[in-house]
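Student: What follows is a single structure, and I will ask about it in a moment.
The values are calculated or read from the model by the stated rules, or taken from the named source; none is laboratory data. Keep in mind it's a predicted model, so treat the numbers as computed, not measured. Counting neighbours? That spans all protein chains shown, and the Cβs are built from the backbone with ideal geometry, glycine included. We work out accessible area using only protein heavy atoms, side chains counted, and drop any ligands, DNA or RNA first. Shrake-Rupley method; radii C 1.70, N 1.55, O 1.52, S 1.80 Å.
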Amino acid sequence: MEKAAGSPSVGGSYPQKNAEILSSQYGINLFLAGLLLTFAWAVHAVGISKSHLLSYLITLMLIQLLWMLWYLCRSCTQRRLIRDKDTHAGARWLKCGITLFAVITLILDSFKIGYYIDFSNCLSPTEGIFPVTHAVHTILQVYFLWCHAKDIIQSFKTLERFGVIHSVFTNLLLWTNGVLTESKHQLNEHKERLITLGFGNITIVLDDHAPQCNCTTTTLCSVFSQGIYYLYPFNIEYHILASTMLYVLWKNIGRKVEHHQQHKTPFKFHGITVGMIFGLIVLTSTIAIVVVYLIQIGRSKIKSELALTMFYLHAIFVLALMCTAGIVALLIYRLEDRSLDNSKNPARKLDAELLVGTAAGSWLLSWGSILAIICAQAHPKYTWYNLPYSVLVIIEKYIQNLFIIESIHREQEKVNDDIKTLRIVTISRGSTLSLTPSYKEIYNGRAARDRGEVPCLFKGSICGRENGGGAKEETRQESSSVMHSASDFSFYSSNSVTNNKRRVLKNIAAFLFLCNLSLWIPPAFGCRPEYDNGLEEIVFGFEPWIIVVNLAMPFSIFYRMHSAASLFEVNCKT
C-alpha cells in the first residue's frame, strides 16, 4: 500500500528532474560558448573581434529581458494567489547590497556611453549598444530580484527552469567579461612596476585593445577611461551576487516547503560597539595603506619596496587579529550545547559551498608565494614578509570558514519555558519575599511593584493562596517561595552568561565583517602584491604566474565580499 501510494509522486518527479538536468546542461553550454569567445578575443584570435563578443552578450541579455518581462506580467495577473516563499532567500540586506552595486554599475554604463561617443569614429556600433542594453538589463533585473527572489515557482516549471538558468549564466558571462577587462588594465601597468623593482630581465609584450583613433575631447576621454576601471570592481560584484540569487531561485523551482513562522532577525548596532570600533580602525587604516601603496608603487625601487613592506606588515597584523577573533568564537561554540539545523536550505548550502570554493583561489596564490620563497635563489628583504602573510591567509580563511558555516547552521535560541510560565500573583496579608529590586523589575515590571503585588516565581505553576491559612502554613509558603526564588536566581545567572557569550559573538562577527570589507578593498582597486613583488615571476615564469593570478584573484576578491555578507547575516542571527 505504501509503495503504491508513493509511486505517483516518485514517477511524477522524473520529468522535473529531467528538466533540471536539461536546463543545467543548456546553461553550461551557453557559458562555455561565451567563455571561448571571450578567450578568443583576449588572445586576438583570427576572425574574432570585440564586436562578436559584445553581440553575443547583447543577445543573451535581450533573451533574459524577454523572459523577465513575461514572468513579471504573469505574476501581475496572478497577484491574488497565495504563493510559497523561501524565507531564507533574498534577504533585505542582500537586496540593498546588490542595489548599491547596480547603481554604480549604471554609472559605469554611462561612462562607457560617453567613451563610445568620444571614440565613435573608430569603434563598432555594438560598443555603444552594449552599455545601453546593459543598463536596461540592470534596472529590470534588480527590480525582478527585489520582487521575486523569494519565489518558489510551482507553475510552468520546465519553462521557468530554462529562463532562470539562462539568467544565471548570462550574469556569469558578464562577470567574466568584467574580470577580463579589469585584469588586462592591471597588466598594462604591471610591467613598469616590475622594472622599477629591478626585474628588468622579464620581457613580455602586453597587448592593448585601445581605439586606433584620436579622441574628440581629450579631457573627457581621460576621465571616462580612468573612471571605468575604478568602477569595474562594483560591476563584478553586482553580477556575481545576481547570479547567486538567481541560482537559489532556480534550485527552489518545484520545491516543497514546510509552512512555519520565520523569526525576523533585524540588524542592531546595540551591543556591538567594541567590534565596530576595532573594525572601523582596521577599515580606515586599510584605506590609508591602499592610497599610499598606489601612490608609491612604481615610482622608484626604494619607494616600491617600502610600499610592499608597509602592505605586508599591515596585512599580517590584521590577519593575526582575525585569526584570534575566529578562534575565540569557535571556543565559545564548543562551550555551548546547541543542535545544528540540518533542514534542506538551498541558500544556506550555496553560501557554504561558495565560501570554501572561492577560498581556494587565495589558497592557490598563497601556496604559490610560499613555494617561490622556498625555491628562489635571491631573496630581497621585503619578500620575506610574504611568507608569514601567505601562511596567515591560509589559516585565517580556514578558521573563518569554520566559524561562518557553523554559525549559519546553528539553530536560533528558543525562549526558555521557565520564562514563558512565569506568573504574577498577589499574596494576601501583605506578606513579602526577599527579592532584589532589579530582579523584580526584570521579571515582574514596575507595575506589579507599584500596586503592592509581590511576585512568586514557580516553574509552570501559581504559588500563593488568596484566602486563609495559619501562621505555620504561611511560613511554609514563604520558605518555599524563597527556595524557588533562589533557584530562579541561578537561572538568571545562567541566562546572563549566555547573553554575555552572545554579545561577544556579535562583536566578533561585526569585527570580522568590517575586516573582510577592508581586505576586499586592496585587490579590488589595484593593490595586488602578488603582481608587484616579482619573486613569483622569477620562479614560475612571467606568463604562467600571471595566468594563475588572473584566474585566482577574482575568486579571492569575491570571497571577501561574500564573507562580509555572510558575517552580516551571522550578526543578525546571533
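Student: Using only the heavy atoms of the protein chains and a 1.4 Å probe, how would TYR398, TYR389, TYR312 rank by accessible area, largest first?
Tutor: Order by accessible area, largest first: TYR398, TYR389, TYR312.
Student: As a test question: what accessible area, to the nearest 10 Å², does TRP367 have when a 1.4 Å probe is rolled over all protein chains in place?
Tutor: The accessible area of TRP367 comes to roughly 150 Å².
Student: Just to verify a number: what accessible area does ASP84 come out at with the full protein assembly present, 1.4 Å probe, Å² rounded to tens?
Tutor: Estimated to the nearest 10 Å², ASP84 gives 40 Å².
Student: Output needed for region 298-384: three equivalent-ellipsoid semi-axes, defined as square roots of 5 times the C-alpha gyration tensor eigenvalues, in descending order, whole Å.
Tutor: Semi-axes from the Cα gyration tensor: 38, 17, 13 Å.
Student: Could you order TRP545, TRP93 so the one with the most accessible surface comes first? Probe is 1.4 Å.
Tutor: TRP93, TRP545
Student: In addition: Please work out how much accessible surface ILE281 shows to a 1.4 Å probe, ignoring ligands, DNA and RNA, in Å² rounded to 10.
Tutor: 100 Å²
Student: Rolling a 1.4 angstrom probe over the protein heavy atoms, how many square angstrom per residue are accessible across region 41-137?
Tutor: The answer is 51 Å² per residue.
Student: Something else now. Dipole magnitude of region 16-136 about its Cα centre, charges +1 at Lys/Arg Cβ and -1 at Asp/Glu Cβ only, in debye to the nearest 20?
Tutor: So the dipole magnitude of region 16-136 works out to roughly 580 debye.
Student: Sticking with this structure for a sec: So if I take the alpha carbon set of region 34-119, get Rg, then get Rh from the Kirkwood formula, what is the Rg over Rh ratio?
Tutor: Ratio of gyration radius to Kirkwood radius: 1.11.
Student: Continuing with this model, one more query. Top to bottom by accessible area (1.4 Å), largest first, where do LEU35, LEU145, LEU330 land?
Tutor: Ranking LEU35, LEU145, LEU330 by accessible area, largest first, yields LEU35, LEU330, LEU145.
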